1. Could you run through segment 62-89 and say how many residues are under 30 Å from residue 23 (Cβ atoms) and either open to solvent by 60 Å² or more (accessible area, probe 1.4 Å) or modelled with pLDDT of 85 or more (or both)?
2. I'm trying to understand the selection: among the residues of segment 115-127, which are outside any loop (DSSP other than H, G, I, E, B) and either of a type in the set (Asp, Glu) or in contact with a strand residue (DSSP E or B) (Cβ under 8 Å, 6 or more places away or on another chain) (or both)?
3. Does residue 49 meet the test of being open to solvent by 70 Å² or more (accessible area, probe 1.4 Å) and within 20 Å of residue 28 (Cα to Cα)?
4. Could you pull out the residue among 51, 45 that is at pLDDT below 85, closer than 28 Å to residue 103 by Cβ and either assigned to a strand (DSSP E or B) or small (Gly, Ala, Ser) (or both)?
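The values are calculated or read from the model by the stated rules, or taken from the named source; none is laboratory data. Owing to the predicted nature of the structure, the values given are computational and were not obtained by experimental measurement. Cβ sites come from the backbone with ideal geometry, for glycine too, and all protein chains shown count toward neighbours. Keep in mind that these areas ignore ligands, DNA and RNA; they rest on the heavy atoms of the full protein, side chains included. Shrake-Rupley method; radii C 1.70, N 1.55, O 1.52, S 1.80 Å.
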Amino acid sequence: MKKLLQEFKEFAMRGNVVDMAVGVIIGGAFGKIVTSLVNDIIMPGIGVLTGGANFSEFKFVLKQAVIDGTSQEVITPEVAITWGAFVQTVVDFLIIAFCIFIAIKVMNKMMRKKAEEPAPAAPAGPTQEELLTEIRDLLKQQADKK
């Protein structure tokens with residue numbers, strides 16, 4: 001059992017798993033932002049263009065609900081194909097996919113730009129001739145000392 005827990009700890013603390021967990025959390029938060037963008041900003045504009053219609057309320061009723069006449073209690077619920085909710089979900093997906101596409105495109109552009117930057121030049125050192133001259137002078141000094 002102890003070995004199993006140790007293996008799990010190694011697995012869970014591996015960089016890839018932690019990075020993936022962070023990505024999932026950020027993705028969830030990003031999804032909420034995009035959903036709010038769609039629901040609160042884009043869809044009302046589309047609703048105005050379609051005469052105030054709310055897509056999420058569009059549906060095909062296959063069977064009407066059965067309601068008790070005296071207590072107004074629903075005996076059998078309505079059976080409907082809620083195609084408007086599907087349209088809303090597709091619009092959400094397309095906007096999220098587009099936003100992720102743009103974010104990745106910007107990141108790739110930044111990575112390419114960084115890769116294209118030339119490496120800083122090494123400090124200029126003495127040329128081969130200067131080194132040979134220096135060695136000659138040092139040898140000459142040593143010979144003069146003898």
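1. Counting residues in segment 62-89 that are under 30 Å from residue 23 (Cβ atoms) and either open to solvent by 60 Å² or more (accessible area, probe 1.4 Å) or modelled with pLDDT of 85 or more (or both) gives 4.
2. 116
3. Against the criterion (open to solvent by 70 Å² or more (accessible area, probe 1.4 Å) and within 20 Å of residue 28 (Cα to Cα)), residue 49 does not qualify.
4. 45
Each row is one residue, and each column tells you yes or no for (1) farther than 21 Å from residue 38 by Cβ; (2) outside any helix (DSSP H, G or I).
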| position | (1), (2) |
| --- | --- |
| 61 | yes, yes |
| 80 | yes, yes |
| 89 | no, no |
| 93 | no, no |
| 98 | no, no |
| 102 | no, no |
| 107 | yes, no |
| 110 | yes, no |
| 113 | yes, no |
